[in-house]
Amino acid sequence: MPIPSKPLQLATFRWKLSGPVGSGAVLPKPYILREAGDQELEDALRVVQSSYNLDPEWSGGGKHIDEIIIPSVKRTFTRGANCLFVLHGNRVIAASVFDPEPPDGIHLISGPCVFIEYRNRGIGGALLGATLEALRSRGVTEVRGQTRPGTPSAKFLCSKFGGESVPPAAPVVAEESAVAA
C-alpha cells in the first residue's frame, strides 16, 4: 500500500540585477562558456538529467525533475534556446537553462548543472554568474531560482552575487510515494 507523499521542500533564492552581477565570476581554464543553439536540446537534457539523477542531494526528487524541470527545459527550447553551456574541448560538461519570462516566476529552470566529475572547480559559480548576466541583458531586473534546502548549491552557490533566500514563488510538487513493506 502506498504511503502518502510528502511535499518536496524547495528553497527559493532571489537576485536583484541592478548592476553587473556575474562579472566577478571567472570560468577556470581550459573551460569555454558559450550560448547553446536552438538545435542543442538533447545536449542540454543530457547534462541536466545526469546532474540531477547522479546528485545524492536530489534523491527522492525524481517526480519534480521529471514533471517540472525536464518539461520546462523542453518548453524553453521551443521558444529559442535560453541556455548556456560550458565545454571542455568539444564536450558539453555543464548547462544552465533559464527563462526571461517564466510562467511560474522561476527564471533558473535548471540552475547551473555540472557533470559530477567536473564539480568543485568553480564551474557552477561561473555559470551562475554568466546566467544572471544573460538574464540582465534580456531586461530581467529580478531573478528567482529554486533548489533543495541544505544542498551545497543552497549553502554555497545561491548566496553568490547577492542571492538571498525568499519565500517560494510557486507551489511545490510532491515527492514520489514510498511503498510500505
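Bear in mind these aren't lab numbers, they're just calculated from the coordinates by the rules spelled out. Note that the structure is a prediction, hence the values are computed from the model and not measured. Counting neighbours? That spans all protein chains shown, and the Cβs are built from the backbone with ideal geometry, glycine included.
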Check your understanding: Of all residues in the stretch 20-42, which are surrounded by fewer than 17 Cβ atoms within 10 Å (Cβ to Cβ) and closer than 22 Å to residue 122 by Cα?
Key -> 20, 23, 24, 26, 28, 29, 30, 32, 34, 35
Review point. Quick one: what pairs do we get from the stretch 86-109, first residue touching a residue at least 12 places away in the same chain (Cβ under 8 Å) and closer than 14 Å to residue 128 by Cα, second among the hydrophobic types (A, V, I, L, M, F, W, C) and in a loop (DSSP other than H, G, I, E, B), C-beta under 8 Å, 6+ apart or different chains?
Key: 86/27; 94/115; 95/36; 97/109; 98/109; 99/106; 99/109; 107/140
Revision key, fill the gap. Taking the stretch 75-87 and keeping only residues that are in a helix (DSSP H, G or I) and more than 14 Å from the chain's Cα centre (by Cα), one is left with 75, 77, 78
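Please go through the stretch 128-156 and give me each residue that is farther than 10 Å from residue 12 by Cα, in a helix (DSSP H, G or I) and either under 11 Å from the mean Cα position of the chain (by Cα) or of a type in the set (Gly, Ala, Ser) (or both), ordered by number. It would help to see each step written out before you state the result.
Let us first name the residues in the stretch 128-156 that are farther than 10 Å from residue 12 by Cα, namely 128-143, 150-153, 155-156.
Next, from what is left, pick out any that are in a helix (DSSP H, G or I): 128-137, 152-153, 155-156.
Listed by number, the residues that qualify are 128, 129, 130, 131, 134, 137, 153.
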